[in-house]
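To start, the structure under review is shown below, and the notes come after it.
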Amino acid sequence: MGFFERKPSAMPEQTESATAVPEPTESGAQVIAFANQKGGVAKTTTTLNLAAAFGEKGHRVLCIDMDPQGNLTMSQGIDPDSLEVSMYDVLSTQIGRERSLEKALAPIKQDYDFICIDTPPSLGLLTINALTAADKVIVPVQCEYLSMRGLIQLQNTMSMIRENLNPEVQIEGILPTLVDTRTVHAKEAIELLEENFGDRVFASRITKTVRFAEAPVKGMSVLKYDPDGKAAYAYRQLAREVLENGKR
Ligand code: ADP
Ligand code: MG
(Lines give C-alpha, C1' and ligand atoms only; values in the text may rest on other atoms or scores of the structure.)
(Ligands and ions follow the chains in the order given, each with its own letter.)
Protein backbone atom coordinates (compact mmCIF):
# COMPACT_ATOMS: atom_id res chain seq x y z
CA MET A 1 0.00 0.00 0.00
CA GLY A 2 1.54 3.30 -0.88
CA PHE A 3 1.21 6.87 -1.97
CA PHE A 4 2.56 8.06 -5.26
CA GLU A 5 2.10 11.09 -7.37
CA ARG A 6 1.36 11.45 -11.00
CA LYS A 7 2.92 14.69 -12.05
CA PRO A 8 1.17 16.43 -14.91
CA SER A 9 2.67 14.65 -17.89
CA ALA A 10 5.37 16.44 -19.81
CA MET A 11 4.40 14.34 -22.81
CA PRO A 12 2.87 16.52 -25.52
CA GLU A 13 -0.82 15.70 -25.69
CA GLN A 14 -1.87 15.91 -29.30
CA THR A 15 -5.58 16.41 -28.93
CA GLU A 16 -5.98 18.14 -25.61
CA SER A 17 -3.37 20.88 -25.73
CA ALA A 18 -6.01 23.60 -25.70
CA THR A 19 -7.72 22.28 -22.56
CA ALA A 20 -7.49 24.89 -19.83
CA VAL A 21 -6.38 23.68 -16.43
CA PRO A 22 -9.01 24.73 -13.91
CA GLU A 23 -8.07 26.87 -10.95
CA PRO A 24 -7.82 24.87 -7.74
CA THR A 25 -11.04 25.10 -5.77
CA GLU A 26 -11.16 26.25 -2.17
CA SER A 27 -12.10 22.80 -0.95
CA GLY A 28 -9.11 21.28 -2.70
CA ALA A 29 -8.91 18.02 -4.59
CA GLN A 30 -11.86 15.95 -5.67
CA VAL A 31 -11.39 12.60 -3.98
CA ILE A 32 -12.47 9.62 -6.09
CA ALA A 33 -12.54 6.06 -4.77
CA PHE A 34 -12.64 3.12 -7.18
CA ALA A 35 -14.64 0.35 -5.59
CA ASN A 36 -16.29 -2.99 -6.27
CA GLN A 37 -15.95 -5.88 -3.86
CA LYS A 38 -15.35 -8.21 -6.77
CA GLY A 39 -11.73 -8.76 -7.82
CA GLY A 40 -10.52 -8.58 -11.39
CA VAL A 41 -13.02 -5.94 -12.55
CA ALA A 42 -10.32 -3.36 -13.45
CA LYS A 43 -10.40 -1.20 -10.31
CA THR A 44 -6.63 -0.87 -10.24
CA THR A 45 -6.35 -0.45 -14.01
CA THR A 46 -9.02 2.25 -13.95
CA THR A 47 -7.48 4.09 -10.98
CA LEU A 48 -4.11 4.29 -12.72
CA ASN A 49 -5.28 5.11 -16.21
CA LEU A 50 -7.91 7.66 -15.27
CA ALA A 51 -5.29 9.30 -13.02
CA ALA A 52 -2.89 9.30 -15.98
CA ALA A 53 -5.56 10.86 -18.19
CA PHE A 54 -6.15 13.64 -15.62
CA GLY A 55 -2.37 14.13 -15.47
CA GLU A 56 -2.15 14.47 -19.25
CA LYS A 57 -4.71 17.26 -19.08
CA GLY A 58 -2.47 19.12 -16.65
CA HIS A 59 -4.27 18.26 -13.42
CA ARG A 60 -2.32 17.51 -10.26
CA VAL A 61 -3.13 13.94 -9.24
CA LEU A 62 -2.31 11.81 -6.21
CA CYS A 63 -2.89 8.04 -6.36
CA ILE A 64 -3.44 6.05 -3.21
CA ASP A 65 -3.09 2.29 -3.10
CA MET A 66 -5.35 0.92 -0.37
CA ASP A 67 -5.04 -2.68 -1.51
CA PRO A 68 -2.54 -4.67 0.60
CA GLN A 69 -1.70 -6.60 -2.56
CA GLY A 70 -0.11 -3.39 -3.86
CA ASN A 71 -0.94 -3.91 -7.54
CA LEU A 72 -1.35 -0.19 -8.22
CA THR A 73 2.04 0.53 -6.64
CA MET A 74 3.66 -2.29 -8.62
CA SER A 75 2.05 -1.17 -11.86
CA GLN A 76 4.14 1.99 -11.60
CA GLY A 77 7.32 -0.05 -11.21
CA ILE A 78 7.53 0.52 -7.44
CA ASP A 79 8.25 -2.41 -5.11
CA PRO A 80 5.78 -2.05 -2.17
CA ASP A 81 8.23 -3.86 0.14
CA SER A 82 10.87 -1.22 -0.51
CA LEU A 83 8.77 1.65 0.84
CA GLU A 84 9.86 3.16 4.15
CA VAL A 85 6.48 4.74 4.80
CA SER A 86 3.22 3.30 3.56
CA MET A 87 -0.52 3.34 4.14
CA TYR A 88 0.09 1.03 7.09
CA ASP A 89 1.55 4.04 8.91
CA VAL A 90 -1.55 6.09 8.09
CA LEU A 91 -3.94 3.37 9.25
CA SER A 92 -2.18 2.21 12.48
CA THR A 93 -4.36 4.33 14.75
CA GLN A 94 -6.96 2.48 16.82
CA ILE A 95 -9.40 5.30 17.60
CA GLY A 96 -11.63 6.61 14.84
CA ARG A 97 -10.30 3.89 12.59
CA GLU A 98 -12.74 4.60 9.77
CA ARG A 99 -11.51 8.18 9.41
CA SER A 100 -7.76 7.64 9.34
CA LEU A 101 -7.42 8.19 5.60
CA GLU A 102 -9.78 11.18 5.58
CA LYS A 103 -7.67 12.80 8.30
CA ALA A 104 -4.42 12.05 6.53
CA LEU A 105 -5.69 13.65 3.32
CA ALA A 106 -7.09 16.83 4.89
CA PRO A 107 -3.77 18.72 5.09
CA ILE A 108 -2.70 17.85 1.53
CA LYS A 109 -5.98 18.29 -0.34
CA GLN A 110 -5.02 21.78 -1.50
CA ASP A 111 -1.98 20.39 -3.27
CA TYR A 112 -3.98 18.34 -5.77
CA ASP A 113 -6.89 18.54 -8.20
CA PHE A 114 -7.70 14.83 -7.97
CA ILE A 115 -6.95 12.14 -5.42
CA CYS A 116 -7.62 8.66 -6.82
CA ILE A 117 -7.96 5.82 -4.32
CA ASP A 118 -7.70 2.18 -5.37
CA THR A 119 -9.44 -0.23 -2.98
CA PRO A 120 -9.15 -3.94 -2.24
CA PRO A 121 -11.82 -6.41 -3.40
CA SER A 122 -13.80 -6.39 -0.16
CA LEU A 123 -15.97 -4.01 1.84
CA GLY A 124 -13.77 -4.13 4.93
CA LEU A 125 -12.09 -1.35 6.91
CA LEU A 126 -9.71 -0.35 4.10
CA THR A 127 -12.55 0.22 1.66
CA ILE A 128 -14.61 1.94 4.38
CA ASN A 129 -11.69 4.34 4.92
CA ALA A 130 -11.63 5.06 1.18
CA LEU A 131 -15.41 5.63 0.98
CA THR A 132 -15.29 7.85 4.06
CA ALA A 133 -12.54 10.00 2.55
CA ALA A 134 -14.16 10.13 -0.92
CA ASP A 135 -16.40 12.70 -2.58
CA LYS A 136 -17.26 10.30 -5.38
CA VAL A 137 -17.07 6.62 -6.16
CA ILE A 138 -16.43 5.09 -9.55
CA VAL A 139 -17.56 1.48 -9.82
CA PRO A 140 -15.87 -0.57 -12.52
CA VAL A 141 -17.94 -3.60 -13.52
CA GLN A 142 -16.76 -6.45 -15.63
CA CYS A 143 -19.35 -7.02 -18.31
CA GLU A 144 -18.45 -10.66 -18.70
CA TYR A 145 -19.63 -11.79 -15.29
CA LEU A 146 -21.96 -9.04 -14.30
CA SER A 147 -22.91 -9.22 -10.65
CA MET A 148 -26.04 -7.23 -9.90
CA ARG A 149 -25.99 -8.66 -6.40
CA GLY A 150 -22.52 -7.21 -5.92
CA LEU A 151 -23.68 -3.79 -7.08
CA ILE A 152 -26.65 -3.86 -4.71
CA GLN A 153 -24.30 -4.82 -1.87
CA LEU A 154 -22.10 -1.85 -2.73
CA GLN A 155 -25.14 0.45 -2.76
CA ASN A 156 -26.07 -0.82 0.71
CA THR A 157 -22.55 -0.16 1.94
CA MET A 158 -22.73 3.36 0.47
CA SER A 159 -26.02 3.98 2.33
CA MET A 160 -24.38 2.84 5.54
CA ILE A 161 -21.39 5.12 4.91
CA ARG A 162 -23.70 8.07 4.15
CA GLU A 163 -25.70 7.51 7.34
CA ASN A 164 -22.74 7.09 9.65
CA LEU A 165 -19.56 8.55 8.23
CA ASN A 166 -19.79 10.60 5.03
CA PRO A 167 -23.23 12.04 4.15
CA GLU A 168 -22.02 13.55 0.85
CA VAL A 169 -20.45 10.56 -0.88
CA GLN A 170 -22.10 9.61 -4.17
CA ILE A 171 -21.65 7.07 -6.92
CA GLU A 172 -20.17 9.15 -9.72
CA GLY A 173 -20.67 6.42 -12.24
CA ILE A 174 -20.63 2.78 -13.15
CA LEU A 175 -17.98 1.91 -15.70
CA PRO A 176 -18.38 -1.09 -18.01
CA THR A 177 -14.94 -2.72 -18.24
CA LEU A 178 -13.41 -5.71 -20.00
CA VAL A 179 -16.08 -5.31 -22.64
CA ASP A 180 -15.78 -7.87 -25.40
CA THR A 181 -17.51 -6.08 -28.24
CA ARG A 182 -17.87 -9.30 -30.23
CA THR A 183 -20.20 -10.99 -27.77
CA VAL A 184 -23.94 -10.60 -27.39
CA HIS A 185 -23.44 -11.25 -23.69
CA ALA A 186 -21.44 -8.04 -23.19
CA LYS A 187 -24.10 -6.06 -25.02
CA GLU A 188 -26.83 -7.58 -22.85
CA ALA A 189 -24.83 -6.95 -19.69
CA ILE A 190 -24.54 -3.25 -20.54
CA GLU A 191 -28.26 -3.05 -21.32
CA LEU A 192 -29.04 -4.63 -17.95
CA LEU A 193 -26.79 -2.08 -16.24
CA GLU A 194 -28.51 0.80 -18.03
CA GLU A 195 -31.98 -0.56 -17.16
CA ASN A 196 -31.05 -0.66 -13.48
CA PHE A 197 -28.79 2.35 -13.09
CA GLY A 198 -29.84 4.65 -15.94
CA ASP A 199 -27.55 7.57 -16.64
CA ARG A 200 -25.30 6.62 -13.79
CA VAL A 201 -23.68 4.22 -16.27
CA PHE A 202 -20.84 6.09 -17.98
CA ALA A 203 -21.07 6.46 -21.75
CA SER A 204 -17.40 5.42 -21.90
CA ARG A 205 -16.73 1.72 -22.46
CA ILE A 206 -13.42 0.04 -21.69
CA THR A 207 -12.99 -2.75 -24.19
CA LYS A 208 -10.78 -5.76 -23.72
CA THR A 209 -7.24 -5.48 -25.02
CA VAL A 210 -3.95 -7.16 -24.24
CA ARG A 211 -2.34 -3.73 -23.75
CA PHE A 212 -3.68 -3.71 -20.18
CA ALA A 213 -1.68 -6.81 -19.36
CA GLU A 214 1.46 -5.49 -21.08
CA ALA A 215 1.62 -1.96 -19.64
CA PRO A 216 1.96 -2.77 -15.89
CA VAL A 217 4.84 -5.14 -16.62
CA LYS A 218 6.69 -2.10 -17.97
CA GLY A 219 5.66 -0.05 -14.92
CA MET A 220 3.51 2.22 -17.06
CA SER A 221 -0.05 3.31 -17.56
CA VAL A 222 -1.64 2.32 -20.84
CA LEU A 223 -1.66 6.02 -21.78
CA LYS A 224 2.10 6.09 -21.62
CA TYR A 225 2.68 2.58 -22.99
CA ASP A 226 0.46 2.94 -26.05
CA PRO A 227 -0.53 6.61 -26.20
CA ASP A 228 -2.34 6.38 -29.52
CA GLY A 229 -4.15 3.11 -28.82
CA LYS A 230 -7.84 2.51 -28.28
CA ALA A 231 -7.33 1.79 -24.60
CA ALA A 232 -5.65 5.14 -23.95
CA TYR A 233 -8.38 6.88 -25.90
CA ALA A 234 -11.09 5.17 -23.80
CA TYR A 235 -9.62 6.42 -20.53
CA ARG A 236 -9.18 9.95 -21.92
CA GLN A 237 -12.84 9.79 -22.87
CA LEU A 238 -13.72 8.74 -19.31
CA ALA A 239 -11.65 11.63 -17.91
CA ARG A 240 -13.61 14.00 -20.11
CA GLU A 241 -16.90 12.54 -18.81
CA VAL A 242 -15.85 12.89 -15.17
CA LEU A 243 -14.72 16.49 -15.76
CA GLU A 244 -18.00 17.29 -17.53
CA ASN A 245 -20.04 15.71 -14.71
CA GLY A 246 -18.11 17.81 -12.23
CA LYS A 247 -19.47 20.94 -13.89
CA ARG A 248 -23.11 19.90 -13.53
P1 ADP B 1 -9.02 -5.29 -9.89
O2 ADP B 1 -8.16 -4.19 -9.37
O3 ADP B 1 -10.48 -4.93 -9.88
O4 ADP B 1 -8.76 -6.60 -9.22
P5 ADP B 1 -7.32 -5.15 -12.23
O6 ADP B 1 -7.30 -3.72 -12.61
O7 ADP B 1 -6.14 -5.68 -11.49
O8 ADP B 1 -8.66 -5.49 -11.44
O9 ADP B 1 -7.56 -5.99 -13.55
C10 ADP B 1 -7.64 -7.41 -13.51
C11 ADP B 1 -6.86 -7.99 -14.69
O12 ADP B 1 -7.51 -7.63 -15.90
C13 ADP B 1 -5.44 -7.46 -14.78
O14 ADP B 1 -4.62 -8.52 -15.19
C15 ADP B 1 -5.52 -6.40 -15.85
O16 ADP B 1 -4.31 -6.24 -16.54
C17 ADP B 1 -6.61 -6.93 -16.75
N18 ADP B 1 -7.38 -5.89 -17.43
C19 ADP B 1 -7.92 -4.79 -16.90
N20 ADP B 1 -8.59 -4.08 -17.82
C21 ADP B 1 -8.49 -4.77 -18.98
C22 ADP B 1 -8.97 -4.58 -20.32
N23 ADP B 1 -9.73 -3.53 -20.65
N24 ADP B 1 -8.65 -5.51 -21.25
C25 ADP B 1 -7.90 -6.58 -20.92
N26 ADP B 1 -7.42 -6.82 -19.70
C27 ADP B 1 -7.70 -5.93 -18.73
MG1 MG C 1 -6.85 -4.21 -7.75
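The values are calculated or read from the model by the stated rules, or taken from the named source; none is laboratory data. Here the structure is a predicted model, which is why all the values come from computation and not from measurement. Here Cβ is always computed from backbone atoms with ideal geometry, including for glycine, and neighbour counts include all displayed protein chains. Just so you know, the surface numbers come from the protein's heavy atoms only, side chains and all, with ligands and any DNA or RNA stripped out. Shrake-Rupley method; radii C 1.70, N 1.55, O 1.52, S 1.80 Å.
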Q.
Of all beta bridges DSSP finds with both residues in the chain, what is the antiparallel percent, to the nearest 5?
A. 15 percent
Q: Counting other Cβ atoms within 10 Å, keep those with at most 16, restrict to DSSP loop, and tell me which GluC sites (Glu not before Pro) in segment 58-141 are left.
A: E84
**Q.** Residues of segment 52-180: accessible area per residue with a 1.4 Å probe, Å²
**A.** 42 Å²
Q) Using a probe of 1.4 angstrom, how much of the accessible area of the chain is carbon and sulfur, in percent? A) 52 percent
Q. At q = 0.09, 0.12 Å⁻¹, what log₁₀ I(q)/I(0) does a Debye calculation on the Cα points of the chain give, no solvent, two decimals?
A. -0.35, -0.65
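For segment 124-184, which trypsin sites (Lys or Arg not before Pro) are in a loop by DSSP, counting at most 14 other Cβ atoms within 10 Å? List each step's numbers first, then the result.
Working: sites: K136, R149, R162, R182; in loops: R182.
Here the sparse-neighbourhood loop sites are R182.
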Q. Given the protein chains as shown and a 1.4 Å probe, how many square angstrom of V85 are accessible, to the nearest 10?
A. 110 Å²
Q.
Quick check on the chain: helices-only [θ] at 222 nm, where DSSP H runs of length 4 and up contribute -39,500 (n - 2.57) each and the sum goes over total residues. Nearest 500, please.
A. -11500 deg cm²/dmol
Q. Taking the Cβ of D118 as the center, what net charge do the other residues with Cβ under 9 Å away carry, scoring Lys and Arg +1 and Asp and Glu -1?
A. -1
Q: Stick to Cα atoms and the Kirkwood definition of Rh, then tell me Rg/Rh for segment 124-223.
A: 1.02
Q) Rounded to two decimals, what ratio of Rg to Rh does segment 174-234 give with C-alpha atoms and a Kirkwood Rh? A) 1.05
Q.
Suppose accessible area is computed on protein heavy atoms with a 1.4 Å probe; arrange D118, D81, D113 from highest to lowest.
A. D81, D113, D118
(Q) Test of the criteria: in segment 195-248, which chymotrypsin sites (Phe, Trp or Tyr not before Pro) are in a DSSP loop and have at most 16 other Cβ atoms within 10 angstrom of their Cβ? (A) none
Q: Quote the charge dipole size of segment 3-247 about the Cα centre in Debye, to the nearest 20; the model charges only the Cβ of Lys and Arg (+1) and of Asp and Glu (-1).
A: 300 debye
